[in-house]
Structures are given as structure tokens and as C-alpha cells.
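*Asks:* One structure, pasted below without further comment.
The values are calculated or read from the model by the stated rules, or taken from the named source; none is laboratory data. Computed from a predicted structure; not experimentally measured. Don't worry about glycine lacking a Cβ; one is built from the backbone with ideal geometry, like all the others, and counts go over all protein chains shown. All accessible areas refer to the heavy atoms of the entire protein, side chains included, with ligands and DNA or RNA removed. Shrake-Rupley method; radii C 1.70, N 1.55, O 1.52, S 1.80 Å.
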Amino acid sequence: MNSAAPTTIPLTSPLAENQRNREELLAAAARVIDSGYYILGSEVAAFEAELAASLGVSGAVGVGSGTDALVLALQAIGVGRGDEVIIPSHTAGPTAAAVAFIGAVPVLADVAPGAHGLDAASVKVALSERTKAIIFVHLYGGTAGFPEVLAVAQAHGVALIEDCAQSQGADIGGKPVGSLGTVGCFSFYPTKNLGAIGDGGAVVSSDEALLDRVRRLRTYGWTRPQYAELAGGQCSRLDELQAAFLRVKLRGLGRNVQRRREIARHYIAGLRGLPVALPEEPAGTTHAYHLFVIRTPDRDALAAHLKTCGVMTGLHYPYAIHQQPAFMAVAKMPASLAETDALIPEILSLPMYADLTDGQAERVIAAVRGFFA
Ligand SMILES: Cc1ncc(COP(=O)(O)O)c(C=O)c1O
């Protein structure tokens with residue numbers, strides 16, 4: 001008889017996916033080591049071409065991280081000191097940090113009632129003659145609210161940056177996120193839908209001139225070797241090793257997102273009828289389920305109960321941008337961020353990763369149901 005306690009179900013597990021691809025990843029590493037070429041070589045070029053093709057954009061530029069992708073995209077658009085960039089207050093810190101890093105002003109907007117995406121009405125209120133860009137974050141992998149915000153950006157002639165750090169594999173009407181706005185920014189942080197074995201990011205667009213500026217800015221602002229022409233350049237290159245790993249993993253992205261979606265369907269069916277709000281997926285869109293986030297006023301007690309059941313959970317995020325000291329000093333706040341304030345204490349992320357088994361998903365569902373029984 002097996003009397004061992006059931007193992008803990010983690011919130012995420014890049015380890016499982018990397019072990020599943022171990023042989024191919026080791027072969028990719030060996031290929032790079034033996035090439036003798038480690039920075040901006042054939043692996044980065046091939047990955048950039050493969051990523052662009054997968055998104056239906058004309059080009060991609062591999063950079064050091066998702067945060068750097070946002071910084072470089074903002075710079076390439078021409079956003080600078082004192083310019084305003086509208087962002088949601090409900091997002092990962094790096095969205096705001098990237099804006100603040102270049103001396104621009106993050107102007108905070110709210111999410112739509114009962115939703116996680118930027119609210120177009122709140123964006124309209126935040127617009128001013130100094131607005132240079134809007135960053136729409138496809139938070140958790142969902143796209144709800146994007147078309148309305150895109151329409152506002154277009155009507156006001158403002159650039160729209162898609163923060164796709166959490167949404168690789170999502171689409172609207174079959175068009176991948178990252179290809180819908182002025183420019184798309186991706187993160188390959190290890191737990192992301194497409195995760196490196198270290199840091200990485202990419203800027204994607206079909207605006208060749210913009211991509212060219214990003215390429216220059218990621219390498220010291222050089223327009224030719226040792227000749228810095230663009231101000232604000234830095235060193236932020238995706239390296240050959242990460243690009244080689246990402247090429248392996250990009251081939252499995254579609255399958256992994258399908259699996260995340262299967263798990264989400266399983267959760268949604270299993271949790272329906274409970275007093276929890278479930279993720280939204282507007283008709284005609286594909287949610288990439290980087291995170292599976294539910295909402296309940298009993299959040300803290302539910303999280304504690306799930307922990308006793310061996311089910312790990314997360315908070316994405318425990319603090320909104322307007323609740324963090326580093327951003328309070330630089331951000332412009334609207335009179336109210338009521339929806340964000342209301343959701344922060346109620347959101348809870350359940351385990352979600354492509355290698356989660358059906359049995360584990362059932363354990364998660366049973367544990368949540370057990371709490372409300
Ligand atoms: C929405 C969002 N934007 C930007 C980033 C920054 O990505 P990175 O950690 O690769 O710098 C993240 C990563 O956590 C994110 O979730």
C-alpha cells in the first residue's frame with residue numbers, strides 16, 4: 001500500500017517542461033558552445049525570424065529581458081523625459097518601471113469593472129496633450145478590453161505598445177497578440193509561456209524603421225561598429241545560448257498553450273457554481289492562460305486552506321502600481337482606481353503550467369470545492 005502523502009502541486013514548473021525537452025536543449029547548448037560564436041550570431045537571427053513568422057509580423061529583435069523590450073520599444077517610438085505613457089495600475093511592476101526608467105511619466109488607468117484588462121473609458125480620462133503611448137498589458141494571457149483601447153489609441157494618434165509578457169500564444173480573431181498594436185514586447189522569463197533558461201525578451205513589429213531603431217539601441221546606439229549615433233543606447237542583447245533554447249521551445253509553444261487551455265477548461269467546469277469569479281475569454285479570442293486567476297472575497301482564507309491541501313497559489317499582484325512607493329513618486333494618478341483597489345485583495349492564482357496533469361487539476365478543484373463546502 002502506498003501511504004505517502006500526495007506531493008505538493010506548485011504554482012508553476014518550468015523544470016518539468018525543460019526536463020521534457022532535455023535532450024534537445026542539451027543538443028542546442030552543445031551547438032552554441034561548439035560554434036565559438038556567442039553574441040548576435042546565427043541562433044539569435046534564426047530565432048528572431050521564427051518568432052516573427054509565428055506572430056505574423058515582419059520582424060523581431062531579441063533583447064535581454066521583457067523589461068528591456070518595453071524600455072527599447074518606448075525609446076524607439078520616441079518617448080522621452082516628461083512624456084506621458086498610459087498604463088494600467090493593475091500590472092506587473094516592470095510595465096511601470098520601464099516607463100519610469102526613461103524618465104517618462106506613467107499615467108495610471110483603471111481596469112474595466114469585473115475585468116483584468118485596461119478600461120478604455122479610464123484611458124480616455126488619462127489622455128493629455130503629453131500622451132505619447134499607451135501600454136496595453138494582456139494580463140494573465142487574456143485580451144479582454146484590447147480592441148476598445150486600440151480604438152482610443154488610433155482615434156488620438158497615440159502609439160499602442162502591447163505588453164505580451166504573459167500572453168504568448170493568445171490571439172484576437174486569429175491574429176496573435178504582439179501583431180495588433182504599434183509594437184509588441186515579450187518576456188522569456190523561465191516561467192512564461194515561452195520561457196528561456198535565464199532571462200530574455202523580444203520586441204516585435206511590422207514597422208521596419210522602428211525595429212531598426214530597437215536593433216541600434218540594444219547595441220549602444222551604434223549605427224555602424226563603434227559609432228554611436230542614437231542617444232540612449234544600451235547593451236541588451238538576447239544571447240546565442242538563450243536563442244538556441246528558445247528555438248527548441250518555440251516549436252512546443254502551440255502544444256503547451258493548448259494544454260494550458262485544456263487545464264483552464266477543466267478548472268472552469270469544475271469550479272462553476274462556486275462563489276468565485278472565473279477568467280473571461282471574449283468570443284473570438286484565445287486566452288493563453290499564463291495564469292489562471294480567480295476572484296473571491298475569501299481569498300486569504302482560501303489560499304491558506306489550499307496550502308494545507310498541498311496546492312500552492314500566488315498573488316498577481318499583491319500591490320497595484322499606485323500602492324508601491326517607487327512609483328507613487330513618479331506616476332500620475334487619477335481621482336479613482338476603484339476597480340483595481342477592489343480586485344487586489346480578492347485575486348488568487350491557481351496552479352497553471354503545461355505539465356500539470358489532469359489528476360493534479362482534479363486535486364486543485366476538489367481542494368477549492370472543499371473550502372466552500
Ligand atoms: C506584464 C509583464 N510585463 C513585463 C515583464 C517583464 O519581463 P522580464 O521579467 O523578462 O523583464 C513581466 C515579467 O514578469 C510581466 O509579467
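*Asks:* Any residue in the stretch 123-148 that is closer than 15 Å to A96 by Cα sitting within a Cβ distance under 6 Å of a residue that is acidic (D, E) and open to solvent by 20 Å² or more (accessible area, probe 1.4 Å)? List the pairs, counting only those 6 or more apart or interchain.
*Replies:* The qualifying pairs are K132/D83.
*Asks:* If F101 satisfies every condition in (1) surrounded by 24 or more Cβ atoms within 10 Å (Cβ to Cβ); (2) closer than 28 Å to G198 by Cβ but one, which is the exception?
*Replies:* F101 satisfies all of (1) surrounded by 24 or more Cβ atoms within 10 Å (Cβ to Cβ); (2) closer than 28 Å to G198 by Cβ except (1).
*Asks:* Of all residues being within 11 Å of the ligand (Cβ to nearest atom) and either in a loop (DSSP other than H, G, I, E, B) or at positive phi (or both) in the stretch 145-165, which is most open to solvent (accessible area, probe 1.4 Å)? Just the residue, please. Let's see the steps before the verdict.
*Replies:* Looking only at the stretch 145-165, we keep the residues that are within 11 Å of the ligand (Cβ to nearest atom), and these are 161-165.
Subsequent filtering for residues that are either in a loop (DSSP other than H, G, I, E, B) or at positive phi (or both) retains 164-165.
Values: C164: 1, A165: 23 Å².
Filtering the stretch 145-165 for residues that are within 11 Å of the ligand (Cβ to nearest atom) and either in a loop (DSSP other than H, G, I, E, B) or at positive phi (or both), the one most open to solvent (accessible area, probe 1.4 Å) comes out as A165.
*Asks:* Can I ask one more? Kindly check whether there is at least one residue in the stretch 241-253 that is open to solvent by less than 60 Å² (accessible area, probe 1.4 Å), touching a strand residue (DSSP E or B) at 6+ places or on another chain (Cβ under 8 Å), more than 16 Å from the ligand (Cβ to nearest atom) and not aliphatic (A, V, I, L, M).
*Replies:* no
*Asks:* When G59 is evaluated against the numbered criteria (1) within 16 Å of the ligand (Cβ to nearest atom); (2) farther than 18 Å from H138 by Cα; (3) open to solvent by less than 10 Å² (accessible area, probe 1.4 Å), which criterion, by number, is the only one it fails?
*Replies:* (1)
*Asks:* Now for a different question. Condition first: under 20 Å from the mean Cα position of the chain (by Cα) and open to solvent by 60 Å² or more (accessible area, probe 1.4 Å). Now tell me which residues in the stretch 217-240 satisfy that.
*Replies:* Of everything in the stretch 217-240, just one residue is under 20 Å from the mean Cα position of the chain (by Cα) and open to solvent by 60 Å² or more (accessible area, probe 1.4 Å), namely R237.
*Asks:* Of the conditions (1) within 26 Å of H138 (Cα to Cα); (2) modelled with pLDDT under 95, S65 fails just one. Which one is it?
*Replies:* Status for S65: all satisfied but (2).
*Asks:* Can you tell me which residue is nearest to the ligand (Cβ to nearest atom) among those in the stretch 197-216 that are crowded, with 23+ Cβ neighbours inside 10 Å and among the β-branched types (V, I, T)?
*Replies:* Filtering first and then ranking leaves V203.
*Asks:* Could you figure out which of (1) surrounded by 20 or more Cβ atoms within 10 Å (Cβ to Cβ); (2) closer than 29 Å to E281 by Cβ; (3) more than 16 Å from the ligand (Cβ to nearest atom) isn't true of E50?
*Replies:* Status for E50: all satisfied but (1).
*Asks:* Those residues that are touching a residue at least 12 places away in the same chain (Cβ under 8 Å), open to solvent by 20 Å² or more (accessible area, probe 1.4 Å) and either farther than 21 Å from P176 by Cβ or touching a Cys at 6+ places or on another chain (Cβ under 9 Å) (or both), I need them from the stretch 254-269; list them, please.
*Replies:* If the condition is that a residue be touching a residue at least 12 places away in the same chain (Cβ under 8 Å), open to solvent by 20 Å² or more (accessible area, probe 1.4 Å) and either farther than 21 Å from P176 by Cβ or touching a Cys at 6+ places or on another chain (Cβ under 9 Å) (or both), then H266 is the only one that fits.
*Asks:* Could I ask something else about it? Step by step: first the residues of the stretch 166-196, then only those that are assigned to a loop (DSSP other than H, G, I, E, B) and of a type in the set (A, V, I, L, M, F, W, C), then the one that is most open to solvent (accessible area, probe 1.4 Å). Which residue is that?
*Replies:* Top of the filtered list is L180.
*Asks:* Related question: Name the single residue that is farthest from G195 (Cα to Cα) among those in the stretch 226-246 being assigned to a loop (DSSP other than H, G, I, E, B) and touching a residue at least 24 places away in the same chain (Cβ under 8 Å).
*Replies:* The extreme case among them is G232.
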